[in-house]
Amino acid sequence: MLLKDKVAVITGGAGINGLGFATARQMANHGARVVILDLARAEPDIAAKRLGEGHTGLIADVTDKAACEAAVSAIIDRYGRIDVLVNNAGITQPVRTLDITGEDYDRVLDVSLRGTLYMSQAALPIMRERRSGSIVCISSVSAQRGGGIFGGPHYSAAKAGVLGLARAMAREFGAEGVRINCITPGLIETDITQGKLTPDKKMEIAEGIPLARLGKADDVAGACVFLASDLSAYCTGITLDVNGGMLIH
């Protein structure tokens, strides 16, 4: 098992059809003790129970620095360590540039970008002390290609910011044994896409993807397991595309 006895923390991981929960499930299958962080309405404790014994669900708003610190403190009290952090929490909004309000901008950037910073700030001291750790930040192909199907320009900006933040942190903490990498998913079938794409539209999109299909949450989860494990021990500051070839560059 690639993650035996490691403690993995996943933000925004309670949605059963989402990337976070798929990652939680695969990491648990590889031997990790998983902590799912999410908002109260997402019921992270119930999501954690679906993984089996030894896993934990905690309520935490990643846009609240104190909440992130409190979550990490609770994790250390229970497990004594954090080996993996997956900064997965994010929201999107399909609006055009001229329609983005200040409130829209703040809301989208706060979850994806501020949340990635706050959770990393909370976990990094633990990892530095042990001189070991892997942080995986979920960005998006929309950050690379300048827009996606479901996210507006502020979503692209937030996810591009995640790329820059992760690379800067990778430079800063590499010498202390902490690796920080990004994954840029393409169009993945999750709750966000459910009911919003007709079969014909899916077929049209798939025709432009070399692997000829939309992605699955498990496709991204597998990449997260790789970056969390020792298989990627010499990888830091990388951007791992998981898009079926949608963006070959």
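So the values come out like this:
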item	result
For the chain, convex hull volume per residue from C-alpha positions, Å³	123 Å³
Note, ³J(HN,Hα) from phi for the range 20-25, Karplus 6.51, -1.76, 1.60, rounded to Hz, x at Gly and Pro	x, 5, 4, 5, 4, 5
The range 7-239 - percent relative contact order, Cα under 8 Å, separation 6 or more	20 percent
Under 15 Å from LYS49, Cα to Cα: aspartates and glutamates that are on another chain or at least 8 residues apart	ASP38
Amide H contacts of LEU85 (H built 1.01 Å from N, under 5 Å, at least 5 apart or other chain)	VAL9, SER134, ILE135, VAL136
Förster radius 41 Å - calculated FRET efficiency between PHE226 and PHE150 (Cβ-Cβ, nearest 0.05)	0.95
Neighbour-count ranking [beta-carbon atoms within 10 angstrom, fewest first] of GLU69, GLU204, GLU176	GLU204, GLU176, GLU69
³J(HN,Hα), Karplus 6.51/-1.76/1.60, whole Hz, each residue of the range 113-128, x for Gly, Pro	9, 5, x, 5, 5, 4, 5, 5, 4, 6, 8, 4, x, 5, 5, 4
Cα→Cβ-extended label distance, 7 Å offset, between SER132 and ALA212, nm	4.4 nm
Which of SER142, SER132, SER73 has the fewest Cβ neighbours within 10 Å, and the rest in rising order	SER73, SER132, SER142
GLU172-LEU247 pseudo-label distance in nm [points 7 Å out on the Cα-to-Cβ vector]	2.4 nm
Sorted by Cβ density within 10 Å, fewest first, the residues GLU172, GLU43	GLU172, GLU43
Convex hull projection area averaged over all views, the range 8-101, Cα basis, nm²	6.9 nm²
Cross-link reach list, lysines versus LYS201, counting only Cα pairs under 29 Å and skipping chain neighbours closer than eight places	LYS159, LYS216
Sparse-neighbour loop sites [trypsin sites (Lys or Arg not before Pro); the range 80-175; at most 15 other C-beta within 10 Å; DSSP]	ARG96, ARG131
Under-5 Å amide H pairs with THR63, H placed in peptide plane, nonlocal only	none
Vicinal HN-Hα couplings computed from phi for the range 61-67 (Karplus, 6.51 cos²θ - 1.76 cosθ + 1.60; Hz; Gly/Pro x)	9, 5, 7, 10, 4, 5, 5
Residues with amide H under 5 Å from that of LEU58, placed H, sequence gap 5 or more	ILE36, LEU37, ASP38
With Cα atoms, 0 to 90° folded angle of helix 153-173 axis to the chain main axis	30 degrees
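Where a number appears in this text, it was derived from the coordinates with a stated rule and is not lab data. For clarity, every value in this text was computed on a predicted model and none was experimentally measured. When we count neighbours, we look across all protein chains shown, and the Cβ atoms used for this are built from the backbone with ideal geometry, even at glycine.
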